[in-house]
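Every read-out reported here was derived from the displayed coordinates using simple, explicitly stated rules and does not represent laboratory data. Fair warning: this is a prediction, and the values are worked out from it, not measured in the lab. For neighbour counting, all protein chains shown are included, and Cβ atoms are generated from backbone atoms with ideal geometry for every residue, glycine included.
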Amino acid sequence: MHQIIVEKILQKSPDIVWGQLADIQGLYKFYPLLKASPLQKGSSPSGEDAKRTCHFHDGNWAHERVIKAVQEKQLGVDIYESSLPLKSCEVNFILEEAGAEKTRLKITADYVLKFGLLGKFLNFLMLKRQFTRNLSLMIEGFNEYLLTGKNIPKGWTPNTLSF
């Protein structure tokens, strides 16, 4: 199992941050790699067991379900099927108050790649860096979305993204 952690202090209170994260089908609004993230047919719009399908601009897709929802504290998502080289992946969005009208958002991703030893080698060679970059892009896009209220377009890159 591999783990990636990214975090950022957001200039919004936990209730505002939670309100946006809890909008399960709204991920595409702030993640510039996605073109859509609709609810799956018959899914509830929020809370545990809500399901969405993420459609990436590059043609990849991922079926996700909420496995943990603690208001203003944590949202856990399981990527249970995808076209990506993931055997399993759990992503947690953890919120902590960080002062007046501020929230520390930590995103953790625990994942296992397909392809056994080859997957481990590919993770070392390039996939972990790419996955870290993608999660960093997500958190920076989320921050920009919270500050401006505008959807983050395909190809957007923040001024502050560094590796």
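Here is how the numbers come out for the structure above:
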{"item": "Estimated inter-spin distance, Asp23 and Gln11, nm [label 7 Å along Cα→Cβ]", "result": "2.0 nm"}
{"item": "Computed FRET value (nearest 0.05) for Phe115 with Ile94, which takes r as the C-beta separation and R₀ as 30 Å", "result": "0.55"}
{"item": "Set of lysines near Lys29 by C-alpha distance (under 22 Å), chain-local residues within fewer than 8 positions excluded", "result": "Lys8, Lys12, Lys41, Lys51, Lys68, Lys73, Lys102, Lys106, Lys150, Lys154"}
{"item": "Ellipsoid semi-axes in whole angstrom, largest first, where each is sqrt(5λ) of the Cα gyration tensor of the chain", "result": "24, 19, 16"}
{"item": "Pairwise label distance in nanometres, Arg129 with Lys106, each label 7 Å out on the Cα-Cβ vector", "result": "2.6 nm"}
{"item": "10 °C / 1.306 mPa s Stokes-Einstein diffusion coefficient of the stretch 76-132, Kirkwood radius on C-alpha pairs, µm²/s", "result": "123 µm²/s"}
{"item": "In degrees, nearest ten, helix 128-148 long axis to first principal axis of the chain (Cα)", "result": "20 degrees"}
{"item": "Residue-averaged [θ]222 nm for the chain, counting only DSSP H segments that reach four residues, each worth -39500 (n - 2.57)", "result": "-7000 deg cm²/dmol"}
{"item": "Full-extension gain in nm, His57 to Gln74, via 0.36 nm per residue minus C-alpha separation", "result": "3.4 nm"}
